[in-house]
1. Per-residue ellipticity at 222 nm for the chain, helices alone: DSSP H runs ≥ 4 residues times -39500 (n - 2.57), over residue total, nearest 500 deg cm²/dmol?
2. Restricting to DSSP loop positions (anything but H, G, I, E, B) with no more than 16 other Cβ atoms inside 10 Å of their own Cβ, which trypsin sites (Lys or Arg not before Pro) remain in the range 1-64?
3. I need the Debye-formula profile for the range 1-87: one equal scatterer per C-alpha, no solvent, reported as log10 I(q)/I(0) at q = 0.12, 0.13, 0.21, 0.25 1/Å, two decimals.
4. Report the accessible area of residue 46, computed with a 1.4 Å probe over the heavy atoms of all protein chains in place, in Å² rounded to the nearest 10.
5. So with the 1.4 Å probe, I'd like the accessible area per residue for the chain, rounded to whole Å².
6. So what's the range 112-251 giving for Cα Rg divided by 2.2 N^0.38 Å, two decimals?
7. Of the accessible area of the range 95-251, with the probe set at 1.4 angstrom, what percent is carbon plus sulfur?
8. Collect residues whose amide H, placed 1.01 Å from N in the peptide plane, falls under 5 Å from the amide H of residue 40; neighbours closer than 5 in sequence don't count.
Amino acid sequence: MSRIAFVAGNWKMNGSLAKVDAFASEFKQTGADLSCDLAVCVPNVYLQRMIEGLDGSGVAVGAQNLSGETEPGAFTGEINGTMLGEIGCKYVIVGHSERRAMYGETDEIVVAKTKAAAAAGLQPIVCIGETLEQREADQTETVLATQLNAVLNGCSADELKDFVLAYEPVWAIGTGRSATPEQAQAVHAFLRAQIADRDATMADSIQIIYGGSVKPDNAAEIFSGKDVDGALVGGASLKVESFLDIARAAQ
Ligand code: PGA
């Protein structure tokens, strides 16, 4: 088993042109020599600027959402995977818990978006996670298996060949309370075993990353779990220094 670590930043609805430019130029000055996969997912209006700014830096750029529709048409306000690919996006986050909770994204929609991302040649970063209530009711594995199996059942092996799985416990996102290394490892091992039931090769190669209050000071211990292949980082990805510290801990 030899998986490359992956650290992806999720800027959510944060940033400005000035911050994009500053991030890109600072990264180019200080971020050389990292051997892990890196990406930063910024608001759509900043994608192209970030792609240009990070050109040659080794950091890929991703979107935070896409339409489940693959054909162009009358879908006001939507952006499809082909458009994201055309400007040079490599990744797209799918099914983040904020989209599930605030924008009604069901497992069915998550499947459609994962398929749409694959059809456009993008790598979907599919997010799954339980709420605190579900964890306390001992439903963590059931909830995660349902969310994961929707995607595994709904997509073909070809559509899943480049997908990244992000385990993001809802109670850990933006709260400063990350999962413990033991909690993260236990869930990641469970998810990898679920995938192995269908496809042992995929289970061995898929990057399963953890998200939820990952910071420079807790990253190394979270990454110590053998099934934890990196992180999806919100708040701490807005500054090059903390993003790089987390990336260094991952490699
Ligand atoms: P956080 O966000 O690192 O700010 O907790 C993680 C995420 O939502 O992807």
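1. Rounded to the nearest 500, the figure is -13000 deg cm²/dmol.
2. Passing sites in the range 1-64 are 3.
3. -0.41, -0.48, -1.02, -1.27
4. About 40 Å², rounded to the nearest 10.
5. Ligands and nucleic acids excluded, the result is 45 Å² per residue.
6. Values: Rg = 14.7 Å, N = 140, 2.2 N^0.38 = 14.4 Å.
That ratio works out to 1.02.
7. On the way: 3230 of 6580 Å².
Carbon with sulfur: 49 percent of the solvent-accessible area.
8. When sequence neighbours closer than 5 places are left aside, the close amide H contacts are 9, 60, 61, 62.
The values are calculated or read from the model by the stated rules, or taken from the named source; none is laboratory data. The model shown is predicted, which means the values in this text are computed figures rather than measured ones. Reconstructed Cβ throughout: ideal geometry from the backbone, glycine too, with neighbour counts over all protein chains shown. Side chains included, ligands, DNA and RNA excluded: accessible areas come from the protein's heavy atoms. Shrake-Rupley method; radii C 1.70, N 1.55, O 1.52, S 1.80 Å.
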